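Asker: Below is the structure I would like to discuss, written out as structure tokens.
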Amino acid sequence: MDSKKIATTIINQLRAGTDGYNSGIVLMMCWGYRQPTIVRKTTEYGFDQYGVSFKVSGLFLKGTVEIVLDQGADMYNIRFLNLRGREVKAVEGVFFDDLTRIVDMVVEKEGFK
């Protein structure tokens, strides 16, 4: 799968997700979602992994969310970065149906607990 298709799929999965009360589209507006960018990471074994990063301006996180597909495990790894680009939280092994809920928990509800 190419990088653009992976990034588009992740954004569509975020839009289709829910936190149990609100749709992903509403939640993305609450996060202040903007500037989606394709991400390319190289693993320690030399494999390329692709994903998407975007800026947020939520209650607990103002910075960047980076979501990368681990194609071998068919799961996502999420990194949350503050405005200075420092990682404040990372969550690995996330299934597609939990993406929206987990991003919302960190950006809007619980912060970095």
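Any read-out appearing in this document is the output of simple, stated calculations on the displayed coordinates, not a laboratory observation. Note that this is a predicted model, so its numbers are computed, not measured. Note that each Cβ is placed from the backbone with ideal geometry, even for glycine, and that neighbours are counted across all protein chains shown.
Asker: Residues being surrounded by 15 or more Cβ atoms within 10 Å (Cβ to Cβ), more than 12 Å from the chain's Cα centre (by Cα) and in a helix (DSSP H, G or I): count how many of those fall in segment 89-112.
Answerer: The number of residues fulfilling the criteria is 1.
Asker: Still on this structure: Under 7 Å between Cβ atoms, which residue pairs at least 6 apart in sequence (or on different chains) link something in segment 81-104 that is closer than 18 Å to Lys55 by Cβ with a partner that is outside any loop (DSSP other than H, G, I, E, B) and small (Gly, Ala, Ser)?
Answerer: Leu81/Gly63; Asn82/Gly63; Leu83/Gly63; Thr100/Gly24
Asker: Right, here's the next one. Whether any residue in segment 25-42 is in a loop (DSSP other than H, G, I, E, B), in contact with a Ser or Thr (Cβ under 6 Å, 6 or more places away or on another chain) and under 19 Å from Arg79 (Cβ atoms) is what I want to check.
Answerer: Filtering segment 25-42 down to residues in a loop (DSSP other than H, G, I, E, B) leaves 32-33.
In the following step, the residues that additionally are in contact with a Ser or Thr (Cβ under 6 Å, 6 or more places away or on another chain) were identified as 32.
Applying the additional criterion that residues be under 19 Å from Arg79 (Cβ atoms) yields 32.
For segment 25-42, residues in a loop (DSSP other than H, G, I, E, B), in contact with a Ser or Thr (Cβ under 6 Å, 6 or more places away or on another chain) and under 19 Å from Arg79 (Cβ atoms): present.
Residue-wise test of (1) exposed (fewer than 13 other Cβ atoms within 10 Å of the Cβ); (2) within 13 Å of the chain's Cα centre (by Cα); (3) touching a residue at least 40 places away in the same chain (Cβ under 8 Å).
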residue: Ala7; (1), (2), (3): no, yes, yes
residue: Gly17; (1), (2), (3): no, yes, yes
residue: Gly20; (1), (2), (3): yes, no, yes
residue: Tyr33; (1), (2), (3): no, yes, no
residue: Pro36; (1), (2), (3): no, yes, no
residue: Thr42; (1), (2), (3): yes, no, no
residue: Asp48; (1), (2), (3): yes, no, no
residue: Leu61; (1), (2), (3): no, yes, yes
